[in-house]
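Everything below concerns the one structure shown next.
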Amino acid sequence: MNIYLLFKSIHLIAVISWMAGLLYLPRIFVYHSEAVQNNKSEDLMSTFKIMEKRLFIYIMNPAMIVSWIFGVLLIYAIGVDNFGSFWLQLKLVFVIILTIYHFFLLQCLRKFAENSNSYSPKFYRIINEIPTVVLIATVFIIIFKPL
Ligand code: HEM
């Protein structure tokens with residue numbers, strides 16, 4: 001059994017699940033904030049709140065934790081001297097941005113839960129592009145490994 005390939009497979013499964021949540025949660029926020037603006041029913045608001053909470057707790061949080069655990073194990077598997085490589089430093093910058101974005105979404109989720117969201121649907125549409133750009137950059141960096 002090749003431990004490195006096992007770690008990498010688990011890492012990729014977790015990363016895909018994490019990214020799915022990072023891309024989908026702000027989309028739900030777009031619809032949720034539009035529904036608030038248009039004074040839609042309380043039932044619809046509760047449905048959004050449940051969708052947001054379940055996505056965050058059952059998919060995004062575990063997926064982020066497993067991505068980090070197996071990402072760090074992969075650093076040990078390929079050798080910690082890789083910290084000196086530009087590609088790994090750049091990748092870590094991007095995954096830290098994704099992690100900050102993850103916790104920012106948690107703050108937004110809490111605001112929605114308290115009915116005190118202060119951002120517009122347009123704001124959520126715009127920030128939805130952040131994980132897309134970071135995802136593309138991260139994949140190119142890790143595959144091409146510049147320097
Ligand atoms: C959460 C923190 C993360 C850490 C510490 C980390 C670290 C690593 C390491 C050390 C490798 C092995 C590189 C190699 O085999 O040479 C790897 C592989 C990979 N990671 Fe991550 N990673 C993280 C998150 C992510 C994210 C968020 C993405 C995508 C957006 C991603 C995409 C990939 C891909 C596609 C590979 C396979 C590369 C290959 O086969 O050469 N990782 N990761």
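What follows draws every value from the coordinates through simple rules; no lab data is involved. A quick note: this is a predicted structure, and the numbers were derived from the prediction, not measured. As a convention, Cβ positions derive from the backbone with ideal geometry for all residues, glycine included, and neighbour counts pool all protein chains shown.
Before rounding to the nearest 500, sum -39500 (n - 2.57) across all DSSP H runs of length at least 4 in the chain and divide by the residue total; then give [θ] at 222 nm in deg cm²/dmol.
Values: 6 runs with 117 residues, N = 147.
Calculated mean residue ellipticity at 222 nm is -27500 deg cm²/dmol.
With a cut-off of 15 Å between beta carbons, the residues surrounding F103 carry a summed charge of +1, where Lys and Arg count +1 and Asp and Glu -1. Charge tally around R27: other residues with Cβ under 13 Å, Lys/Arg +1 each, Asp/Glu -1 each, net -2. Computed from Cα atoms, the angle from the helix 42-54 axis to the main principal axis of the chain rounds to 10 degrees. Label I16 and Y31 with points 7 Å out from Cα along Cα→Cβ: what is the distance between them in nm? Reported label-point gap for I16 and Y31 is 2.3 nm.
Quick one: which of 58-66, 24-32, 5-13 comes out on top by average Cβ neighbours within 10 Å, and what's the full order, highest first?
Working: 58-66: 16.8, 24-32: 19.3, 5-13: 14.8.
So the peptides 58-66, 24-32, 5-13, ranked by packing, come out 24-32, 58-66, 5-13.
With the convex hull drawn over the C-alpha atoms of region 1-138, the volume per residue is 96 Å³. Reported to the nearest whole Å, the Cα centre-to-centre distance from region 10-27 to region 91-133 is 13.
Give me the number: length gained by fully extending E129 to Q107, i.e. 0.36 nm times residue separation minus the C-alpha to C-alpha distance, one decimal in nm.
Working: separation 22, 0.36 × 22 = 7.92 nm, distance 1.82 nm.
Length gained between E129 and Q107: 6.1 nm.
Positive contributions from Lys and Arg (+1) and negative ones from Asp and Glu (-1), summed over other residues with Cβ under 15 Å from the Cβ of F94, come out at +1.
I'd like to compare 83-90, 16-23: which one has the highest average count of other Cβ atoms within 10 Å, and what's the full order after that? Please report the intermediate quantities before stating the final value.
Working: 83-90: 13.6, 16-23: 18.1.
Highest to lowest by the protection proxy: 16-23, 83-90.
R0 = 41 Å: FRET efficiency of V139 with N115, Cβ-based, nearest 0.05? Please report the intermediate quantities before stating the final value.
On the way: r = 38 Å, r/R0 = 0.92.
Taking R0 as 41 Å, the efficiency between V139 and N115 is 0.60.
Think of each Lys and Arg Cβ as +1 and each Asp and Glu Cβ as -1; about the Cα centre, that makes the dipole of region 1-89 roughly 100 debye. For K122, a cut-off of 26 angstrom between C-alpha atoms picks up these lysines, skipping any fewer than 8 places away in its own chain: K40, K49, K53, K111. Would you mind checking the tilt of helix 86-113 against the longest principal axis of the Cα atoms of the chain, expressed as 0 to 90 degrees and rounded to 10? Its long axis makes an angle of about 20 degrees.
Of all lysines in the structure, the ones whose alpha carbon falls short of 19 Å from that of K91, not counting any fewer than 8 places away in one chain, are K8, K145.
Remark: relative contact order (region 1-91) = 47 percent; criterion is Cα-Cα distance under 8 angstrom and separation of 6 or more residues.
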